[in-house]
Amino acid sequence: MTQKATYIDLPHGITVIDAEYGTSGVAALYLMQSGDQVAIVETGTNHSVPLILEVLVSKGLDFNNVRYVIPTHVHLDHAGGAGELMHQCKNAELVIHPFGAAHMIDPSRLEAGTIAVYGEESFRKLYGSIRPVDADRVIEAPDGYTLEMNDRALEFLDTPGHARHHFCVYDKTSNGFFTGDTFGLSYPQLTSAEGRFSFATTTPVQFDPDALLVSIERLMSYKPDVMYLTHFGDIKPTQNVVRQLTTSIKDIKEIAMSAIDLTENRVGYLQEKLLQYVLDKLAEMKCEQSVELQTSVMANDIELNAQGIDVWLSRLTKAKAL
Ligand SMILES: [Zn+2]
């Protein structure tokens, strides 16, 4: 049986679609409509492409209406389906951070790097094979770049910290940002009476806590009403949410520093510390879900976060030794 798309129409012509990244509720992608034109922010994987078509068709549109495909950065849960989607959407251009463009045009290094982490079999199951995008259909969007799509105006902000090839997309119409991973992650099922739980994502290999804090401050200087998170869905950037997110970055840095001299099983140590941190925070917020569910919702991100912090610590140590 082919999978049916799960999606929610938000205000301002924006639709959030579950990319079904491995399973439901993990990664989102967004469809943004202006008249007869559509931009798709994030692509999920090749498996997400038929889901996008289903949502387009439900709105009386198809792949020909897609004007822009916009992954926030080239990590494969965001950009894995870009080549396949561009292949289907003949009128579309791909908009990407200047540091990510080469990886979209020739995805072989991206593929090899991810296979090194996941192994060939899991890679193929999750991503299939990554199609290259024609160089003449790629727009590189540096900081301050703007785009118009009918009466919709988009602005691109360079937002390093999670990755150097990361931008956030400001949509004037909704006064909102498509934040990719810059504004952390927040899974709706961990929401408590005290609101959404928000946590930074430090995936390998370019985590930089100080840059991430500056990027978040820059986003907030726009006084946005809404953040469209990839993991997962729209969220109001309340003071409470911003405080949780920035505190998590500072606390992650502290946890990292406590492990800088560890020579054995540093990733395991970090994973344990991060899980405890997350569970403590959720308990403080009186999250009503069981610890088992909290752990299973966060497990994958905690593993990736621990790996990313480990890489960052190695970089710090190397820089010190020079
Ligand atoms: Zn990422």
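Using the alpha-carbon atoms, what tilt in degrees (0 to 90, nearest 10) does helix 266-284 show relative to the longest principal axis of the chain?
Value to nearest ten degrees: 80.
For helix 291-321, report the angle its Cα long axis makes with the longest principal axis of the Cα atoms of the chain; keep it between 0 and 90° and round to the nearest 10°.
Helix 291-321 sits roughly 80 degrees off the main axis of the chain.
Whole angstrom only: what separates the Cα centroid of segment 63-80 from the Cα centroid of segment 1-36?
13
Hey, which of these cross-link pairs are over 23 Å Cα-Cα: K253/K281; K4/K59; K253/K320; K4/K125; K125/K273; K253/K273?
K125/K273, as the Cα separations exceed 23 Å there.
Provide the packing ranking of 132-138, 192-198, 231-237, 166-172, i.e. peptides ordered by the mean count of other C-beta atoms within 10 Å per residue, highest first.
166-172, 231-237, 192-198, 132-138
Tell me, what ³J(HN,Hα) does each residue in segment 72-85 have, in order and in whole Hz, if you take phi through Karplus 6.51 cos²θ - 1.76 cosθ + 1.60 with θ = phi - 60° and put x for Gly and Pro?
For segment 72-85, the Karplus-derived couplings read 5, 6, 8, 4, 6, 6, 9, 10, x, x, 4, x, 5, 5 Hz, x marking Gly and Pro.
Averaging sequence separations of C-alpha pairs under 8 Å and six or more residues apart, then dividing by the length of the chain, give the relative contact order as a whole percent.
Rounded, it is 13 percent for the chain.
Going by average Cβ density within 10 Å per residue, which order do the peptides 215-224, 109-118 take, highest to lowest?
So the peptides 215-224, 109-118, ranked by packing, come out 215-224, 109-118.
When the helices in the chain are scored as -39500 (n - 2.57) per DSSP H run of 4 or longer and the sum is shared across all residues, what 222 nm value do you end up with, to the nearest 500 deg cm²/dmol?
Using -39500 (n - 2.57) per qualifying helix, the result is -12500 deg cm²/dmol.
Cα to Cα, under 20 Å, and not fewer than 8 places away if on the same chain: which aspartates and glutamates meet these conditions relative to K318?
Here the aspartates and glutamates satisfying the reach criterion relative to K318 are D208, D210, E254, D261, E264, D310.
Specify the inter-centroid distance of segment 240-296 and segment 211-235, based on alpha-carbon positions, in whole Å.
About 21 Å separates the Cα centre of segment 240-296 from the one of segment 211-235.
Rank by packing, highest mean first: peptides 93-102, 7-16, with packing defined as the count of other Cβ atoms within 10 Å averaged across residues.
Packing proxy ranking, top to bottom: 93-102, 7-16.
Could you give each residue of segment 164-179 its phi-based ³J(HN,Hα) in whole Hz, using Karplus coefficients 6.51, -1.76, 1.60 with θ = phi - 60°, and x for Gly or Pro?
6, 9, 10, 10, 10, 10, 8, 10, 4, 4, 9, 6, x, 10, 7, 9
Only the coordinates and a few stated rules stand behind these numbers; no lab work does. All values reported here derive from a predicted model rather than from experimental measurement. Backbone-built Cβ (ideal geometry, glycine too); neighbour counts: all protein chains shown.
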